[in-house]
Amino acid sequence: MKTHTAHTPGPWRIGQDSAAHAIWTAGNVPASLIVAIRPDCTEQDNNRQANAARIVACVNSCEGIADPAQEIAALRARSNNVPAMCAEVEAQRAEIKSLRDALADIAHGFIVDTGEHGLGAVRLDMDAMQAIATAAIARATDEKGGK
């Protein structure tokens, strides 16, 4: 269903004539009058000026969008999902930290302190290395719910 209708291309601007609140094309020489809202010298006249300004702002903001209503609906739907997306990111961040900590535990477990100048040597006992890695991975997976 096509909801977009043809209109005068933007940008538009608001102008104030002595006779009306006017909406004009902007950047075109000469400018073209799009609509004039005749003032009635009442309290409602302030609303008419604000309405004209809002119309111009909406038209200029939506310029180039084929179906502004559909685009706005899609943006609102995505923005409603932001809290869930943030929670998912935080869960992934916690999982990455847990795995990073496990990897650090494994790396530290593979180094044997020789006591000389604070230097270490790589552990060569494969069974011990596998046990260290298995234990670190088990701790990491237990922290995130046993996944």
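The values are calculated or read from the model by the stated rules, or taken from the named source; none is laboratory data. This is a predicted model, so every value here is computed, not measured. Because the Cβ atoms are built from the backbone with ideal geometry, glycine has one as well, and the counts that use them run over all protein chains shown.
Structure notes:
- Looking across segment 37-78 at every residue that is of a type in the set (A, V, I, L, M), outside any helix (DSSP H, G or I) and at pLDDT 80 or above, the one that is nearest to the chain's Cα centre (by Cα) is identified as Ile65.
- Any chance Gly10 is on the phi > 0 side of the Ramachandran plot, out of contact with any Pro (no Cβ under 9 Å at 6 or more places or on another chain) and either among the small types (Gly, Ala, Ser) or modelled with pLDDT of 75 or more (or both): no
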